[in-house]
Amino acid sequence: MFLYGQYCPVARASEILADRWTPLIVRELLAGIHRFNELDRGLPGISRALLVQRLRRLEETGIVERRRGADGGGPAYHLTRAGRQLQRVIDVLGGWGARWAFGEPRPRELDPIVLLWWMRRRVHRHRLPDRRVVVQFDFHGPRGGCFWLVLERSDVSVCLQHPKFAIDLVVTADLSVFYRVWLGRIPLAEATRRGWVRVAGTPALRLGFTRWLAWSPMAPAVRRGLATLLGTLTPWVGAMV
């Protein structure tokens, strides 16, 4: 940790939060991720040793508390009251980034596994049918491939190999396009109308697909930033719900 040596609230806060990876760790914790392996999965590129170090520092500074896992497994990391108040900081940071620093995706930023992991935790499980639904994603592009989400009211799983269940929906898209849809740069309705995203399945399940996903929590900020950039506040019309 770098100490600025200045008696200033901005300096003190920066000593805690401005370290590399720390804001993204806080982002994951605010999203309800508590287990070490789940944090590691949502932060590709960070070493496990550095993740341990950052979590320990957040614990020492009163941002995070470590609790015994409810299922008797490894420890769970939870934000304290001070940590939960960082939601406003992350929202403002994300809003600023969406307005001033969020252009087209760089190729190295497009990771299908991370995308599906984000999608997994943004499913409205109470809206799912009372049976298992398996969605296959056929992503095109340099890091494309076939991946699956197994949706059940009790849990949502990401599968990197065929789950051996019948496939109910097949979503076909360039990975970069689906990232744009996920983050609110392109409405799903527009992407499907233009043929950039194709959803194959029964009409009921295709309609359900638009209702099951909450999309990225940053999508509203991205849409506002893009609208401001284009000089219009015309609301998006699409299937973002």
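The values are calculated or read from the model by the stated rules, or taken from the named source; none is laboratory data. Just so it is clear, the structure is predicted and the values come from calculations on it, not from any experiment. Here the Cβ is made from the backbone with ideal geometry for all residues, glycine too, and neighbour counts use every protein chain on show.
Within region 21-36, the set of residues being surrounded by fewer than 17 Cβ atoms within 10 Å (Cβ to Cβ) and in a helix (DSSP H, G or I) comprises PRO23, LEU24. ASP168: of a type in the set (Asp, Glu) and in contact with a helix residue (DSSP H, G or I) (Cβ under 9 Å, 6 or more places away or on another chain), yes or no? So ASP168 passes the test. The condition (being assigned to a helix (DSSP H, G or I), free of Cβ contacts under 8 Å to residues at least 12 places away in the same chain and either exposed (fewer than 12 other Cβ atoms within 10 Å of the Cβ) or not assigned by TED's automatic domain parsing to the domain that holds ARG198 (or both)) is satisfied by just one residue among ARG99, ARG108: ARG108.
Taken residue by residue, region 60-75 has no member that is surrounded by fewer than 15 Cβ atoms within 10 Å (Cβ to Cβ), farther than 11 Å from HIS34 by Cβ and aliphatic (A, V, I, L, M). When restricted to residues that are under 15 Å from the mean Cα position of the chain (by Cα) and among the β-branched types (Val, Ile, Thr), region 81-99 contains 1.
Candidates in region 199-215 are the residues that are in a strand (DSSP E or B) and touching a helix residue (DSSP H, G or I) at 6+ places or on another chain (Cβ under 7 Å); of these, the one that is nearest to LEU149 (Cα to Cα) is LEU213. Restricting attention to region 37-59, which residues are surrounded by 15 or more Cβ atoms within 10 Å (Cβ to Cβ), in contact (Cβ under 8 Å) with a residue 24 or more places away in the chain and closer than 17 Å to VAL114 by Cβ? Across region 37-59, the qualifying residues are LEU39, ARG41, GLY42, ILE46, LEU51. Note on region 156-190: residues that are within 21 Å of PRO203 (Cα to Cα) and either in a strand (DSSP E or B) or in contact with a Pro (Cβ under 8 Å, 6 or more places away or on another chain) (or both) total 6.
Restricting ALA173, ALA200, ALA166 to residues that are over 25 Å from GLU38 (Cβ atoms) and either under 17 Å from the mean Cα position of the chain (by Cα) or surrounded by 18 or more Cβ atoms within 10 Å (Cβ to Cβ) (or both) narrows the list to ALA173. Residues that are farther than 30 Å from VAL197 by Cα and surrounded by 15 or more Cβ atoms within 10 Å (Cβ to Cβ) are absent from region 112-119 altogether. Going by what's in this entry, would ARG132 be described as modelled with pLDDT of 95 or more, under 18 Å from PRO217 (Cβ atoms), charged (D, E, K, R) and assigned by TED's automatic domain parsing to the domain that holds GLY195? When the stated conditions are applied, ARG132 does not pass them. You will find that of VAL222, VAL170, the residue that is modelled with pLDDT of 95 or more and either closer than 20 Å to HIS140 by Cα or not aromatic (Phe, Trp, Tyr) (or both) is VAL170 and no other.
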